[in-house]
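**Q** First, the structure itself, so that you have it in front of you.
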Ligand code: NAP
Ligand code: GLV
């Protein structure tokens, strides 16, 4: 039985090496060279793969996302009926996102945009010192990534709040859930960090109404998915000063067209969906473990709840 890999060609080679390092006996096929469709038992795929194509493999018994997100796998037509989907939960992926979150919270907190602008004008000017203990950070999504970012920001001394679907308790984090919790948390978030999965419930969640709930002059950080933000409404909030700055890693569409106003906006800091990139050698052990479990009928790990969409 064989494993189908599907992503960019360069990354596919890294995945092949990483999976073979875990299990040299694996038969790995690189899409589109799948060979006999009946031989494919697992598909390890990233965003470019068409889910309709996976219906070609009659013996497919596991689909694995090459990242934490699975929105690309669940959009219509979705995975073939009855085939379980797993995501990655990976310490290095989490570490990368924590670094991106800390970098960008500190960027705005320490007035880095203002100091860069002063430097460009060769002006020696001291700005008022920021107070960490009064810069409240709200995190949308308290899962693998949001939870780790919360812990790192707490350790730096920021008051941290978090919003999840189910009620949660996390030491030191003021936890919210549900629509009332959303409004309450946003009303207190001087910095709002989005680390939600993209689902029908969360698409467009960062719209005019939500941005209007933030304290005036708040900052927005989005490293989740571009579809969480209504981009024109964020631009309007930046123009009005309601949002004082945004760090954006994800967009709709990607790549963001070169004429989009975000590129040249003085209050927008962009990265090209690079906040945290999967490292195949770090992720391969859990993929191989899941393959072994699928073959022996044991419970799979890191399974996605297809009903919830994450
Ligand atoms: P996760 O472990 O599944 O956590 C998701 C969190 O969001 C959970 O706390 C969940 O609540 C909450 N949530 C989901 N739907 C909600 C809703 N309708 N209302 C309120 N809360 C909701 O996911 P993760 O591993 O932290 O990853 C989050 C996302 O980050 C991924 O889906 C992906 O899109 C993105 N990502 C981006 C990059 C990048 O480089 N830009 C890298 C990796 C991941 P419960 O705790 O109640 O379930
Ligand atoms: C990256 O975007 C991921 O979902 O892992």
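Readers should treat all values here as calculations from the given coordinates under stated rules, not as data from a laboratory. All of these numbers come straight from a predicted model, not from anything done at the bench. Here Cβ is always computed from backbone atoms with ideal geometry, including for glycine, and neighbour counts include all displayed protein chains.
**Q** Taking Cα atoms of the chain, Rg/Rh with Kirkwood Rh, to two decimals? Show your work: numbers first, answer last.
**A** Working: Rg = 21.1 Å, Rh = 20.8 Å.
Rounded to two decimals, Rg over Rh is 1.01.
**Q** If one takes the longest principal axis of the Cα atoms in the chain, at what angle in degrees, from 0 to 90 and to the nearest 10, does the Cα axis of helix 231-240 lie?
**A** Helix 231-240 and the main axis of the chain meet at about 10 degrees.
**Q** To continue, here is another question. Rounded to the nearest 0.05, what FRET efficiency do residue 22 and residue 208 give with R0 = 41 Å and r taken as the Cβ-Cβ distance? Could you check?
**A** In this case the efficiency is close to 0.30.
**Q** In segment 28-174, what % of DSSP beta bridges are antiparallel (nearest 5)?
**A** Expressed as a percentage, antiparallel bridges in segment 28-174 total about 10.
**Q** Say a paramagnetic label sat at a point 7 Å from the Cα of residue 119, along Cα to Cβ; which residues of segment 227-268 have their backbone N under 17 Å from it?
**A** 266-268
**Q** Between residue 129 and residue 30, how many nm apart are label points set 7 Å from Cα along the C-beta direction?
**A** 5.6
**Q** Relative to the longest principal Cα axis of the chain, at what angle does helix 144-155 sit, 0 to 90 degrees, rounded to 10?
**A** With rounding to tens, the tilt is 30 degrees.
**Q** Can you sort 109, 228 from fewest to most other Cβ atoms within 10 Å of each residue's own Cβ?
**A** Ordered by Cβ neighbours within 10 Å, fewest first: 109, 228.
**Q** Points 7 angstrom from Cα along the Cβ direction at residue 89 and residue 295: gap in nanometres?
**A** 2.4
**Q** Return the percentage of antiparallel bridges among DSSP beta bridges fully within the chain, rounded to the nearest 5 %.
**A** In the chain, approximately 5 percent of DSSP beta bridges are antiparallel ones.
**Q** Right, next: Between 296, 98, 278, which gets the highest mean-square fluctuation from a Gaussian network model of the chain, Cα cutoff 10 Å?
**A** Taking springs between Cα atoms under 10 Å, the residue moving most is 296.
**Q** Using 0.36 nm per residue, how much length does the chain from residue 38 to residue 10 gain when fully extended, once their Cα-Cα distance is taken away?
**A** Here the answer is 7.5 nm.
**Q** Please determine, in degrees from 0 to 90 and to the nearest 10, the orientation of helix 178-187 with respect to the longest principal axis defined by the Cα atoms of the chain, where the helix direction is its Cα long axis.
**A** Between the helix axis and the principal axis of the chain, the angle is about 40 degrees.
**Q** Moving on to the next point. Taking 0.36 nm per residue of sequence separation and subtracting the Cα-Cα distance, how much length would be gained by fully extending the chain between residue 168 and residue 154, in nm to one decimal?
**A** 3.4 nm
**Q** What is the spin-label model distance, in nm, from residue 50 to residue 183 if the labels are put 7 Å beyond Cα along the C-beta direction?
**A** Here the answer is 4.5 nm between the modelled labels.
**Q** Classify segment 92-270 from the C-alpha gyration tensor, please: rounded if a/c falls under 1.5, else prolate or oblate depending on whether a/b exceeds b/c.
**A** oblate
**Q** Let me ask another. Which order do 15, 124, 46, 263 fall in if you start with the one that has the fewest other Cβ atoms within 10 Å? If you can, show how the numbers build up before the last one.
**A** Numbers: 15 24, 124 6, 46 19, 263 11.
Ordered by Cβ neighbours within 10 Å, fewest first: 124, 263, 46, 15.
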